[in-house]
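Below are the structure tokens for one structure; questions will follow.
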Number of protein chains: 2
Amino acid sequence: MKIIDGGVTAAKGFKAASTAAEIKYKGRTDMAMVFSEVPCVAAGTFTTNVVKAAPVRWDQDIVYNHPGARAVICNSGIANACTGEEGFGYCRETAKAASESLGIPEDSVLVASTGVIGMQLPIDRIANGVKAMAPKLEGSREAGLEAAKAIMTTDTEKKEAAVEIEIGGKTVTVGGMCKGSGMIHPNMCTMLGFITSDVDISKELLQEALSEDIKDTYNMVSVDGDTSTNDTVLLLANGQAGNPKITEKNTDYEEFKKALNYVNTTLAKKIAGDGEGATALFEVKVIGAATKAEAVTLSKSVVTSSLTKAAIYGHDANWGRILCALGYSGVQFDPEKVDLYFESKAGKIKIIENGVSTGYSEEEATKILSEEAVTAIADMKMGDASATAWGCDLTYDYIKINADYRS
Amino acid sequence: MKIIDGGVTAAKGFKAASTAAEIKYKGRTDMAMVFSEVPCVAAGTFTTNVVKAAPVRWDQDIVYNHPGARAVICNSGIANACTGEEGFGYCRETAKAASESLGIPEDSVLVASTGVIGMQLPIDRIANGVKAMAPKLEGSREAGLEAAKAIMTTDTEKKEAAVEIEIGGKTVTVGGMCKGSGMIHPNMCTMLGFITSDVDISKELLQEALSEDIKDTYNMVSVDGDTSTNDTVLLLANGQAGNPKITEKNTDYEEFKKALNYVNTTLAKKIAGDGEGATALFEVKVIGAATKAEAVTLSKSVVTSSLTKAAIYGHDANWGRILCALGYSGVQFDPEKVDLYFESKAGKIKIIENGVSTGYSEEEATKILSEEAVTAIADMKMGDASATAWGCDLTYDYIKINADYRS
């Protein structure tokens, strides 16, 4: 597997474009289009929130019931959530505009929105944006990068990843972009993600690969415990790599899953590290758990603890809060068996052993916790299962961003 | 029912004392003692956290297995949690010191600690504190008030409440104090609370009254979603009111429950309003839910949403976040039926009707949300069940307090 510089245009036959449609933001791009030269098999995973934004409902229908996806139209600024019946109409009109501009069927167009909940979409601007983007579609590195910028809201950095693998002597590429910074919590993918690949694969296996992989990647990310109404990950595969078509769970499938996992893990960590107001990526590894499900619950409980997140911001080795968060997770364990470590580029330190302090050096712990990416490792000593969750510290800027996000 | 100015010494036969034992804080009191002149029936409810502080385990044994409670010894500064086997030893030594100083059995002494997790207790200072307090015990208003101050950690205000009721021609008093500001989340009482009453009641009914009542009071409070290791509510009844003993669920029992509910509700709201860094009490009422359990889940989901809490801090009527939080609660409902209101001293406004904006005045909404206590009311239009949860806004000061709490 070869990591390459790229995003949504890295795979053969995919193009992208972006534009400033002035949907809500001024002076920046706010719409992106991803286009495949040939029909794709599509897989998708969507928010579990009962309140589902209109684009989520639109895409669920397209992914589940219509073959041959060709394009994704995404806007930032307004989420098209809680917009009543009009909301679904916007999706249809967006697809119609794309259909006319690109000469493709309406039911091959996926849509996605991110931004403020409850505002109605200015559909004329959306339609104009679609028209403006269609002639600008390009397969270049630059076009993918600009698309990744256009879908940002409170994100401070664009988020892309891409890899190449070999399948049956052919180079297969998996690339993607995502956005996500606030309203991020592990229950489905909690963000927008668009992954493209030129792999030739059956729709069933594409969906299974995605559904499996999000459990270990996006669903292990939490910025603030708020599961969004718009979470969507779309995975499009257009078969242009020319590999022997993957129709069973063979080594080719495993190789593709590895590539997909790399792209998703990289994007997931970028979301966590770019959590609203974050100064640090906070990784929580639970090892020695009795079951995988318990390891997941334990690691998520720590990564979502406001008190722990504030302590990470303060570079404070406040391990009591971590043990406390493990304790209220709902998983049964013996607190007097737990070991805890902190680790970062600056080193690794054992903080508690069998539930009590090791008498570690606070100075050394603070040094380790002062890096941009810090890891807490909890060994439950109950079994062999493990899980890793990603989050970020809780900072003044999180409050600043969210106390008046709409203005 | 008559609301009176009072706390833990309001009921007949209860005394209190406090002292500066220098356990961790300097220049302030940090120990309190509550004493009953005669043996009490005791009820208790405790944290559901798997990691239970030593005093929780001690008190569970005393409340469940030993009759005739006489005293509660509480310290602030260090939580005596995650202190291994030593931790339980401190409880025993504290009880021993109280037994000697007060001339009561060791197994009539309840203990409670609050503060930093993981530090060992300076047991000599605790024992000296007990000795210093014993001769200072008083039934005065002042003694109760000073005890309420001594148990504070990051609390900015002491928290007390008291009421009088009539039972069988006798005046019965219920009074209490509590502390709680951070690491507050509804799962058990999430704080320390000490309630005293001179009511004459059986132990079974006392426990049942308390266990029932915390579900609607302390368990509906969340400051930060972190369920503490030390949560304890103790309710002592010494029978000094001389009422006909309550041994069945008659009207006397109902009257006592009303008094207990007033004291607990008042204390619970004080905890929410004094959440770490809070500038506002945030009340969430869910009405028209299908079941009580669903109303509880829905209201807690909103009151714990970081994004909603930050919006309340910004006086921003960001209703999309509230609908979003209802949506990820796990309860099924039709988003396109929900009505939402904001209410405070400054007025009441309907923000959404049937899931979409009413086109309300943002200016008026901001005015309503600028009060010190604000309420969001969500009408699910599914049934007759309702629940109220209490929390607070999420502010810069929450981060400040928690980024470096230990130093």
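What's the FRET efficiency of B:Thr171 with B:Lys26 using the Cβ-Cβ distance as r and R₀ = 45 Å, to the nearest 0.05?
Approximately 0.60, to the nearest 0.05.
Another question about this same structure. 7 Å from Cα along Cα→Cβ at both A:Arg57 and A:Lys345: what's the point-to-point distance in nm?
4.7 nm
A further question follows. Give me the one-decimal nm value for the distance between modelled label points at A:Glu364 and B:Glu353, 7 Å along each residue's Cα-to-Cβ direction.
Those two pseudo-labels are separated by 6.6 nm.
Using a Förster distance of 56 angstrom, determine the FRET efficiency expected from the C-beta separation of B:Lys400 and A:Lys203, and round it to 0.05.
After rounding, the FRET efficiency stands at 0.60.
Here is a further query. How high is the FRET efficiency from B:Glu254 to B:Glu142, r the C-beta distance, R0 25 Å, rounded to 0.05?
0.15
A:Leu267: net charge of surrounding residues, Cβ under 10 Å, Lys/Arg +1, Asp/Glu -1, itself excluded?
Here the count lands on +3.
Could you check what % of the DSSP bridge pairs in the protein assembly as shown are antiparallel, to the nearest 5?
70 percent
Sticking with this one: Using the Karplus equation 6.51 cos²θ - 1.76 cosθ + 1.60 (θ = phi - 60°), what ³J(HN,Hα) coupling, rounded to whole Hz, does each residue of the stretch A:36-42 give in order, writing x for Gly and Pro?
With coefficients 6.51, -1.76 and 1.60, one gets 10, 5, 10, x, 10, 7, 10 Hz.
What's the extension gain from A:Asp5 to A:Lys131 if we count 0.36 nm per residue and subtract their Cα-Cα distance?
Extending this stretch completely gives an extra 42.5 nm.
Report, for chain A, the % of DSSP beta bridges that are antiparallel, rounded to 5.
Counting DSSP beta bridges with both partners in chain A, the antiparallel share is about 70 percent.
From the backbone phi of the stretch B:197-209, what are the Karplus-calculated ³J(HN,Hα) couplings (6.51 cos²θ - 1.76 cosθ + 1.60, θ = phi - 60°) in whole Hz, Gly and Pro given as x?
8, 8, 5, 9, 8, 6, 4, 4, 6, 4, 5, 5, 4
Sticking with this one: Output wanted: per-residue J couplings in Hz (rounded whole) for the stretch B:312-319, from phi through Karplus 6.51 cos²θ - 1.76 cosθ + 1.60, θ = phi - 60°, x for Gly and Pro.
Here the 3J(HN,Hα) series is 4, 4, x, 6, 9, 6, 7, 5 Hz.
Roughly what % antiparallel, to the nearest 5, for the DSSP beta bridges in the stretch B:19-169?
45 percent
In percent, what relative contact order does the stretch A:83-217 have, based on Cα pairs under 8 Å that are 6 or more apart in sequence?
Here the relative contact order equals 16 percent.
Also, quick follow-up: Check which residues have an amide H placed less than 5 Å from A:Leu110's amide H, if you skip close sequence neighbours.
The list, which skips near neighbours in sequence, is A:Arg70, A:Ala71, A:Val72, A:Ile73.
Using the crude model of +1 on Lys and Arg Cβ and -1 on Asp and Glu Cβ, and no other charge, please compute the dipole size for the protein assembly as shown relative to its Cα centre, in debye to 20.
Approximately 440 debye in magnitude.
Which whole number gives the average count of other chain Cβ atoms within 10 Å of the Cβ atoms across peptide B:296-305?
So the per-residue partner count for this stretch is 1.
Counting only other chains, what is the mean number of Cβ atoms within 10 angstrom of the Cβ of each residue in peptide A:387-399?
3
Among the aspartates and glutamates, which fall within straight-line cross-link reach of A:Lys136, defined as a Cα-Cα distance under 13 Å, with same-chain neighbours fewer than 8 residues apart omitted?
The reachable aspartates and glutamates, counting only those whose Cα sits under 13 Å from A:Lys136, are A:Glu146.
Here's a follow-up. Once Lys and Arg get +1 and Asp and Glu get -1 on their Cβ, which of B:Gly27, B:Pro39, B:Val63 lies farthest toward the positive end of the dipole of the stretch B:1-117?
Of the candidates, B:Gly27 comes out farthest on the positive side.
Students often get this wrong, so check it: of A:Lys350/B:Lys52; B:Lys215/B:Lys269; A:Lys257/A:Lys300; A:Lys26/A:Lys149, which have C-alpha atoms separated by over 20 Å?
A:Lys350/B:Lys52; A:Lys257/A:Lys300
Right, next: What would the Debye equation give as log₁₀ I(q)/I(0) for the protein assembly as shown at q = 0.08 Å⁻¹, counting only Cα atoms as equal point scatterers?
For the protein assembly as shown at q = 0.08 Å⁻¹, log10 I(q)/I(0) is -0.70.
Per 0.36 nm of contour for each residue apart, how much would the distance between B:Lys292 and B:Glu37 grow if the chain were fully extended, relative to their Cα-Cα spacing?
Residue separation times 0.36 nm, minus the Cα-Cα distance, leaves 87.7 nm.
Report the label-to-label distance for B:Glu157 and A:His66 in nanometres (one decimal), using points 7 Å from each Cα along the Cα→Cβ vector.
5.7 nm
Considering the rotational relationship between chains B and A, which residue of chain B contributes the beta-carbon of minimal distance to the axis, and what is that distance to the nearest Å?
Value returned for chain B: B:Tyr396, 3.
Given 0.36 nm per residue, what is the gain on full extension from A:Gln332 to A:Lys245 after removing their alpha carbon distance, in nm?
Once the chain is fully extended between A:Gln332 and A:Lys245, it gains 26.8 nm.
Using a label point 7 angstrom from Cα along Cα-to-C-beta, what distances in nm, from shortest up, separate B:Gly359 from the other copies?
With the label placed 7 Å along Cα→Cβ, B:Gly359 yields 7.3 nm.
In addition: Please quote Rg/Rh for the stretch B:326-401 to two decimal places, taking the Kirkwood radius as Rh and restricting both calculations to Cα atoms.
Computed over Cα atoms, the ratio is 1.01.
Collect residues whose amide H, placed 1.01 Å from N in the peptide plane, falls under 5 Å from the amide H of B:Ser181; neighbours closer than 5 in sequence don't count.
Close amide H contacts, sequence-distant or interchain: none at all.
While we're here: Given charges of +1 on the Cβ of Lys and Arg and -1 on the Cβ of Asp and Glu, with all other atoms neutral, how large is the dipole of chain A about its Cα centre, in debye to the nearest 20?
For chain A, the charge dipole is close to 600 debye.
In debye, nearest 20: dipole of the stretch A:276-407 around its Cα centre with unit charges on the Cβ of K, R (+) and D, E (-)?
It comes to approximately 280 debye.
To continue, here is another question. Could you give, in nm with one decimal, how far B:Glu86 is from each other copy of that position, shortest first, with labels 7 Å out from Cα toward Cβ?
6.5
Can you tell me which of B:76-83, B:287-294 comes out highest on packing, and rank the rest after it, using the mean Cβ neighbours within 10 Å?
Output ranking for B:76-83, B:287-294: B:76-83, B:287-294.
Using only helices, what value at 222 nm comes out for the protein assembly as shown when you add -39,500 (n - 2.57) per DSSP H run of length 4 or more and divide by the total residues, to the nearest 500 deg cm²/dmol?
The helix contribution divided over the protein assembly as shown gives -10000 deg cm²/dmol.
For A:Gly27, place a label point 7 Å from Cα along the Cα-to-Cβ direction in every copy; what are the distances to the other copies, in nm, shortest first?
So the distances to the same position in the other copies read 4.7 nm.
For A:115-123, what's the mean count of beta carbons from other chains sitting within 10 Å of each residue's beta carbon?
3
Just so you know, all these numbers are worked out from the coordinates, no wet-lab data involved. These figures come from a predicted structure and were not determined experimentally. When we count neighbours, we look across all protein chains shown, and the Cβ atoms used for this are built from the backbone with ideal geometry, even at glycine.
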